[in-house]
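Engineer: Below are the structure tokens for one structure; questions will follow.
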Amino acid sequence: ATMVQKYQSPVRVYKHPFELIMAAYERRFPTCPLIPMFVASDTVNEYKSEDEAIHVIERRCKLDIDAPRLLKKIAGVDYVYFVQKNSLNRRERTLHIEAYNETFSNRVIINEHCSYTVHPDNEDWTCFEQSASLDIKSFFGFESTVEKIAMKQYTSNIKKGKEIIEYYLKQLEEEGITFVPRWTPPVACKSESSTSHPRRPVSPAINIPESATKEGLSNKEILNTSSSPSEPTAGTPDDKLDADYIKRYLGDLTPMQESCLIRLRQWLQETHKGKIPKDEHILRFLRARDFNIDKAREILCQSLTWRKQHQVDYILDTWNPPQVLQDYYAGGWHHHDKDGRPLYVLRLGQMDTKGLVRALGEEALLRYVLSINEEGLRRCEENTKVFGRPISSWTCLVDLEGLNMRHLWRPGVKALLRIIEVVEANYPETLGRLLILRAPRVFPVLWTLVSPFIDDNTRKKFLIYAGNDYQGPGGLLDYIDKEIIPDFLGGECMCEVPEGGLVPKSLYRTAEELENEDIKLWTETIYQSASVFKGAPHEVLIQIVDASSVITWDFDVCKGDIVFNIFHSKRAPQPPKKDSLGAHSITSPGGNNVQLIDKVWQLGRDYSMVESPLICKEGESVQGSHVTRWPGFYILQWKFHSMPACATTNLPRVDDVLASLQVSSHKCKVMYYTEVIGSEDFRGSMTSLESSHSGFSQLSAATTSSSQSHSSSMISR
């Protein structure tokens with residue numbers, strides 16, 4: 001069975017009225033000099049409505065595919081035939097195009113859908129969209145070759161599509177045609193048509209003076225460019241990406257890369273209702289996995305869960321770095337490099353990494369580095385606006401002057417490696433260039449030890465200078481403007497980065513204090529983790545006193561698929577044995593597992609189900625609420641559903657089979673938060689009872705500061 005290749009285009013906006021675009025489009029037939037492979041086309045079928053508003057035309061198109069002669073010989077054909085059905089609706093101003101292959105239709109299935117429609121915000125502009133799928137069932141053993149040829153031909157044609165319309169628009173203009181009137185109902189049946197279609201009076205567009213449309217147009221362009229990038233898709237329908245926006249804010253992408261971005265983004269919107277990452281951040285994950293959409297989705301989901309678990313979105317707003325960090329962490333942002341990338345300066349040689357780890361612990365240090373990365377994302381976005389071109393990564397300048405044996409202290413190195421690992425996983429493709437300056441003599445030895453662990457793509461971005469080489473040709477000046485070279489590197493720019501220095505031993509903390517500090521940072525999150533095993537669900541008890549309360553929940557499925565249930569019982573379940581509730585909540589952030597429903601209880605007699613079961617897949621975020629009808633005991637239950645099969649096929653892969661042999665694969669992980677709110681405080685609509693699949697980090701301010709919600713006695717945990 002082969003993979004089905006899919007393609008989805010961004011929205012392309014033509015700043016011309018629909019009727020003019022149609023006049024240009026029609027000129028492609030029967031043949032078009034710009035598409036040499038389009039040899040001929042014959043009309044097979046045609047239908048026109050009486051009032052000429054509807055025009056459907058079906059053509060059989062003959063293509064001379066650019067394929068190796070050998071392949072054509074094996075296939076026994078010189079030409080490939082496609083059927084293309086165009087449905088034009090002049091009243092609605094839409095053209096829908098459906099195309100499929102007639103040749104080899106039992107071996108290869110190609111479907112394409114295109115549409116030309118009126119821009120929702122400007123009736124004198126036209127939007128174009130295109131989607132397609134390619135499924136190669138069999139091709140004389142040449143499936144992958146055929147797939148490559150088809151993809152290559154297809155993507156080159158996508159690029160051509162725009163040129164062709166523009167070519168014919170120009171041709172029309174040279175012939176003096178710059179305006180095509182809109183369709184109007186035939187005069188004879190005026191009365192009849194006004195009754196049958198009263199909903200859309202079509203004003204003849206003739207009376208609009210030329211200058212007015214021009215002015216209107218430029219206004220619209222101003223609006224479009226100044227709309228803030230945080231609401232990037234203001235100008236496109238249904239939150240779709242348009243081609244101009246991609247070029248301006250995200251960069252030059254190939255058609256297939258655009259398609260991957262659009263499809264991944266669509267998937268996120270469907271499964272992570274609520275907050276999804278910005279387009280440029282989704283794109284970073286795709287780049288990190290060479291635009292393999294399944295692999296990118298996997299690392300992106302892991303990162304979203306991680307963000308939610310550590311409330312990364314709130315760290316920047318709520319966490320104040322301890323004074324020690326502000327004084328002794330010798331790093332900071334400093335203007336930008338010649339490419340407009342934000343520049344981060346780190347005086348690693350001057351920094352007492354051992355002292356910082358001893359005084360702060362690993363977690364606080366990690367948290368600080370995360371806040372630096374978050375700031376980096378923000379600066380990239382800002383520079384993208386300022387410089388008028390996409391900037392998605394930063395440059396890091398590391399000064400090793402002063403590096404010594406203290407820097408090789410094991411726990412310090414371990415902390416550093418863990419920080420690098422977290423950053424690599426959650427901020428992929430953010431390092432544009434790394435300049436390492438004043439590398440000491442021992443550095444090459446270190447480098448040969450470390451470099452195998454650094455991914456090839458990242459390694460290409462490293463530039464290493466020994467001694468004062470950075471001042472010579474090919475040095476710092478190639479990358480950074482003279483005016484902003486920091487003073488400590490012999491430049492004239494005052495650099496605000498702290499100088500580092502040794503952390504006083506009086507600030508060191510004992511290992512025990514640090515461990516408690518780390519645990520506090522870990523468990524400060526209002527989320528709890530739970531493990532769910534086959535045959536051992538995780539259950540949380542909520543006691544309700546006031547009948548019309550609202551139980552709300554918000555959880556992420558980190559691993560495996562689960563079924564979520566909510567039950568009601570009049571009598572209290574037996575509390576679980578003491579040992580399972582021991583100190584685990586502190587020692588293992590890994591999560592607990594508690595069963596409350598007694599094995600002898602019967603559903604319908606001892607307890608009842610109050611919401612229908614919800615199946616939640618790995619990587620999904622779920623939020624929901626339940627308005628309680630009776631007081632008593634409510635039990636939220638997360639139950640093992642099944643291991644995720646391979647995403648693309650129904651056949652088990654070797655990895656899946658091996659995984660299912662290991663007991664650990666029968667473990668699912670959930671991260672959850674629940675709260676009870678008095679119904680008068682519940683501002684959500686009462687209709688949203690069934691769970692909605694929500695976004696990550698959706699903890700609204702209302703949830704975290706629950707002062708206004710009198711939580712009825714809540715016995716979770």
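The values are calculated or read from the model by the stated rules, or taken from the named source; none is laboratory data. Quick caveat: nothing in here was measured; it's all calculated off a predicted structure. Here Cβ is always computed from backbone atoms with ideal geometry, including for glycine, and neighbour counts include all displayed protein chains. Note: accessible area is taken over every heavy atom of the protein model, side chains too, but ligands, DNA and RNA are not part of it. Shrake-Rupley method; radii C 1.70, N 1.55, O 1.52, S 1.80 Å.
Engineer: Provide the gained length on full extension for the span Val627 to Asp64, in nm with one decimal, where the gain is 0.36 nm per separating residue minus the Cα-Cα distance.
Structural biologist: Numbers: separation 563, 0.36 × 563 = 202.68 nm, distance 6.43 nm.
Taking 0.36 nm per residue and subtracting the Cα distance, the gain is 196.2 nm.
Engineer: Keeping the other protein chains in place, figure out the carbon and sulfur percent of the accessible area of region 4-175, with a 1.4 Å probe.
Structural biologist: Details: 4420 of 8750 Å².
Carbon-and-sulfur percentage of accessible area, whole number: 51.
Engineer: Heavy-atom accessible area of Leu408 with all protein chains present, probe 1.4 Å, nearest 10 Å²?
Structural biologist: 80 Å²
Engineer: To the nearest 10 square angstrom, how much accessible area does Lys482 have with a 1.4 angstrom probe?
Structural biologist: 120 Å²
Engineer: I've got another one for you. Please identify the chymotrypsin sites (Phe, Trp or Tyr not before Pro) of region 492-569 that satisfy two criteria: DSSP loop assignment and at most 16 other Cβ atoms within 10 Å. Which are they? Each step should come with its number before you reach the end.
Structural biologist: On the way: sites: Tyr508, Trp522, Tyr527, Phe533, Trp553, Phe555, Phe564, Phe567; in loops: Tyr508, Tyr527.
Passing both the DSSP loop test and the Cβ count: Tyr508.
Engineer: Moving on. When a/c reaches 1.5 or more, the comparison of a/b and b/c decides; with that in mind, is region 313-506 rounded, prolate or oblate per its Cα gyration tensor? It would help to have the intermediate numbers written out before the result.
Structural biologist: On the way: a/c = 1.36, a/b = 1.11, b/c = 1.23.
Since a/c stays below 1.5, the shape of region 313-506 is classed as rounded.
Engineer: Using the basic label-point model (7 angstrom from Cα toward the beta carbon), what is the Asp481 to Lys534 distance in nanometres?
Structural biologist: 6.4 nm
Engineer: Follow-up. To the nearest 10 square angstrom, how much accessible area does Val187 have with a 1.4 angstrom probe?
Structural biologist: Here the accessible area works out near 120 Å².
Engineer: A further question on this structure: Calculate the FRET efficiency for Thr448 and Asp290 from the Cβ-Cβ distance with a Förster distance of 41 Å, rounded to the nearest 0.05. Don't skip to the answer; put the middle values down first.
Structural biologist: Details: r = 27 Å, r/R0 = 0.66.
After rounding to 0.05, the efficiency reads 0.90.
Engineer: Let me ask something else. What are the ³J(HN,Hα) couplings of region 176-182, residue after residue, when phi is run through the Karplus curve with 6.51, -1.76, 1.60 and θ = phi - 60°? Round to Hz, x for glycine and proline.
Structural biologist: Calculated HN-Hα couplings, in order: x, 9, 10, 8, 10, x, 6 Hz.
Engineer: Next question. For the pair Ile74 and Lys137, how long in nm is the line joining their label points, each one 7 Å along Cα→Cβ?
Structural biologist: Reported label-point gap for Ile74 and Lys137 is 1.9 nm.
Engineer: Percent antiparallel among DSSP beta bridges with both residues in region 313-506, to the nearest 5?
Structural biologist: Working: 4 of 20 bridges.
Approximately 20 percent, going by the DSSP bridge assignments.
Engineer: Grab the Cα-Cα distance for Ala40 and Met494, subtract it from 0.36 nm times how many residues apart they are, and report the gain in nm with one decimal. Provide the component values of the computation, followed by the final result.
Structural biologist: Values: separation 454, 0.36 × 454 = 163.44 nm, distance 6.90 nm.
The Ala40-Met494 span can extend by a further 156.5 nm.
Engineer: For region 313-506, please report how many Lys pairs fall under 25 Å Cα to Cα, leaving out neighbours fewer than 8 apart on the same chain.
Structural biologist: Final tally of qualifying lysine pairs is 13.
Engineer: Once you put a point 7 Å from the Cα of Arg459 and another 7 Å from the Cα of Val413, both along the Cβ direction, what distance in nm separates them?
Structural biologist: Calculated label separation equals 1.9 nm.
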